[in-house]
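The values are calculated or read from the model by the stated rules, or taken from the named source; none is laboratory data. In this text the structure is predicted, and so the values were computed from the model without any measurement. Every residue, glycine as well, gets a Cβ built from its backbone with ideal geometry; the counts of neighbours run over all protein chains shown.
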Amino acid sequence: MADKSIIGASLGTTTFPVERGKIREFAKAILDEAPEYLSEDPVAPPTFTMTSAFWDRVPDGPTPDPGFKDYRRVLHGEQQFEYLRPVKAGDVLTGASKIADVYSKEGSKGGTLYFVVFETVWRNQDGEDAVVSRNIIVETQKAAV
């Protein structure tokens, strides 16, 4: 059974500057050299905020336990991005992460699947919401057949 008490628990914040060179490097790494990514005033490609994984997250309290029992059975289930405004070179983004939801359901091949939805709201230097990222992690009860 999913522990609903962890919904809303903070996972801390990350702040990072959006640099023109990093936008270009990211665009080239994903093999998308669209002019809007390579211009003198570029916008960031979709999924660019995932580069925040290389920045330190600052906890604002104890990190909540997501409730996984066996990390060998944990896998990435889904990733979503909701873009509310363009992310541009010169922006400074601050992402506040939390556990947005937890739930369980029966798998099609038997066994219970446990889901944890992690959400990060990215705000720019003006305090405007820019991107909402949702990451769903799944723990299987049984080994895959």
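Okay, here's what the table says:
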quantity: Residue count for region 13-58, restricted to those that are in a loop (DSSP other than H, G, I, E, B), farther than 15 Å from Val92 by Cβ and either small (Gly, Ala, Ser) or in contact with a His (Cβ under 7 Å, 6 or more places away or on another chain) (or both); calculated: 2
quantity: Residue check, Arg72 loosely packed, with under 12 Cβ neighbours inside 10 Å and farther than 20 Å from Gly12 by Cβ; calculated: yes
quantity: Considering residues of region 1-12 that are in a helix (DSSP H, G or I) and in contact (Cβ under 8 Å) with a residue 60 or more places away in the chain only, the residue nearest to Ala130 (Cα to Cα); calculated: Ile6
quantity: Cβ-Cβ under 7 Å pairs, at least 6 apart or on other chains, region 43-58 side without any contact (Cβ under 8 Å) to a residue 24 or more places away in the chain and more than 17 Å from Asn135 (Cα to Cα), far side of a type in the set (A, V, I, L, M) and in a helix (DSSP H, G or I); calculated: Pro45/Ala27
quantity: Hits in region 127-145 - residues which are among the polar types (S, T, N, Q) and in a strand (DSSP E or B); calculated: Ser133, Asn135, Thr140
quantity: Criterion (within 27 Å of Tyr114 (Cα to Cα) and at pLDDT 95 or above) met by exactly one of Glu82, Glu36; calculated: Glu82
quantity: Matching residues, region 101-118, being under 21 Å from Gly12 (Cβ atoms) and surrounded by 18 or more Cβ atoms within 10 Å (Cβ to Cβ); calculated: Val102, Val116, Val117
quantity: Single match in Ala53, Ala89, Ala44 (criterion: within 17 Å of Lys22 (Cα to Cα) and exposed (fewer than 14 other Cβ atoms within 10 Å of the Cβ)); calculated: Ala53
quantity: Qualifying positions in region 77-126 - basic (Lys, Arg) and either within 14 Å of Ile7 (Cα to Cα) or assigned to a strand (DSSP E or B) (or both); calculated: Lys88, Lys98, Lys105, Arg123
